[in-house]
1. Taking the range 86-133, which trypsin sites (Lys or Arg not before Pro) meet the DSSP loop condition and have no more than 16 other C-beta atoms within 10 Å?
2. Please sort by residue number the trypsin sites (Lys or Arg not before Pro) in the range 282-374 whose DSSP state is loop and whose Cβ has at most 13 other Cβ atoms within 10 Å.
3. Show that you can apply the helix-only estimate: for the chain, add -39,500 (n - 2.57) for every DSSP H stretch of four or more residues, divide by all residues, and state [θ] at 222 nm to the nearest 500.
4. Sort out for me the Cα centre separation of the range 388-408 from the range 185-204, rounded to whole Å.
5. Suppose we flag chymotrypsin sites (Phe, Trp or Tyr not before Pro) only when DSSP calls them loop and at most 16 other Cβ atoms lie within 10 Å. Which is the longest uninterrupted stretch of the chain?
6. Taking neighbour counts of Cβ atoms within 10 Å as a proxy for exposure, in what order, fewest first, do 399, 14 appear?
7. How would you classify the range 302-453 from its alpha-carbon gyration tensor, with a ≥ b ≥ c the square roots of the eigenvalues: rounded for a/c under 1.5, else prolate if a/b is greater than b/c, otherwise oblate?
8. Beyond 37 Å, how much of the Cα-Cα pair distribution for the chain remains, as a whole percent?
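Each reported figure results from applying straightforward, stated rules to the coordinates on display, with no laboratory input. All values reported here derive from a predicted model rather than from experimental measurement. Here Cβ is always computed from backbone atoms with ideal geometry, including for glycine, and neighbour counts include all displayed protein chains.
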Amino acid sequence: MSRDMRSYLRPTTDPAVLAVQFLVTSFAFFLLGGALALGMAGETSLPGVELMGAEAYSRAFSNHGSIMIFLWLMPAVAGLTHALLLRVLGVTRSALPRLSGLGFWLLLPGGLLMLSSFFMGGDFPGWTAYLPLSAQTIGVGQTLWVVSLIVLLLSLGCNATGFLATILAARSETSRSRSPFVVASLISSTLALISAPVLLAALTALLVDRLSAGPSFLAGSLGVTLWQNAFWFFGHPATTMLLLPAIGAVSEVIQANTGNPLVAKRSVNLAMVAVGGLGLVSWGQHMFASGLIPSVRVPFMLTSMAVAIPLAFIVFAWLTTLWVSKVRFSTPMLFSLGFISMFGLAGLSGLVLASIPANLQLHGSTFVSGHSHLALFGGVMSGLFAGIYYVFPTLTGKDYDENLGKLHFLAHAGGVHLAFLPMLLIGLQGVPRRVFEIRPGLELFELASSGGALILAGASLLFLYNIFFAWRTGRPAAQEVLPGSTL
């Protein structure tokens, strides 16, 4: 093993190495979560097909959600931020390099604890760990899951603190602190530091409850309500935490591929601030069906709907920039355009769920699953791919295969639409989510969704193939390697 390869296996404060560590580790977990998704897609592809059975499907469902949120998307966004933030700021090192390094080395034990919990009977209540099931589940598995999430939230806190300190320290040194990606990272890190401690406190209470020998004090109605509020006070802003760096990356890609600054860049930054603020105060949207009184529901509905206004402004600023520019349709640019269209679909379905009457009808249906996957897979993941392809030459000093990159985009976009749009249509028919046996008469929709999942799996493998061989044997890139990189 070469010296460069060994550098990824030991603690480091090098931002380029940290970026690769986070991205490689997160995509390794993504492969595990994707394999579970394919198993579930096969289970629901046709009536009478039984690959897992009810119990195994329930566990796969819970494991898939936990892995994809906490072990793939969050560390992948951290990796992209490590790779792109210093480049955009024009600085060579983070303000708290050791804390940033600690963020990665907390990710590994947290991930291993979560995976071990799955093999020891844990995480049956789903990735949201709703009470009273998460307090009453027997066995050490659920306890390990709680511990793993505590460790992963500490990792998130280390990353957010490091990014925030770097941005604030650079404000006096460079005028680039108002670049879209920097502003997006600033807001995302702030949201993490505000919301993560609330869930951390709830997890600590749940851990104490599970370890105590007496009766559960969280299993009552008050504990159930407190857990829902604590979880979604983190879970809803978490979507915004993931979304904003993707928006920032897309903004940087559009500027790079048009040769022009964003139209109304300052207003775009203010719009991202509005998105972050509204995302923080609209967590109650997820609890419309839990018995919230109307006077509490309505403010959550209004704030959930209002977030569409700054998001629409950002999209129109992007489109105006494209309209007045000569666009270079590189792979990152294609994924940025895909982000606009696919996240637009997620936004429209999100407006439906933000409405109280519609939410009460659709809350437990596959419509919610389709919306969340369009937002995270079609939106956040498209932004991630755009940012990774954009920064890859400067991170590694190598060029990827542009034709394979464009083929990856076509497969990704087609797979997203084929896999998740049928979920919206099935949900409108009243089909509940988290059910492993499909309803007769909807076989075509279920089969199309399963086919889309297979296409997405192939697209992801194509991406990994392209990046791996470009890194190992690709031609040298024209761009300068990131400062501090040991590649």
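1. Counting only loop positions with at most 16 other Cβ atoms within 10 Å, the trypsin sites (Lys or Arg not before Pro) in the range 86-133 are 93.
2. 326, 328
3. Mean residue ellipticity, 222 nm, calculated: -24500 deg cm²/dmol.
4. 33 Å
5. The reported range is 330-487.
6. Working: 399 15, 14 23.
Sorted ascending by nearby Cβ count, the order is 399, 14.
7. Details: a/c = 2.76, a/b = 1.50, b/c = 1.84.
It is oblate, given that a/c is not under 1.5 and a/b is not larger than b/c.
8. Result for the distance tail: 23 percent.
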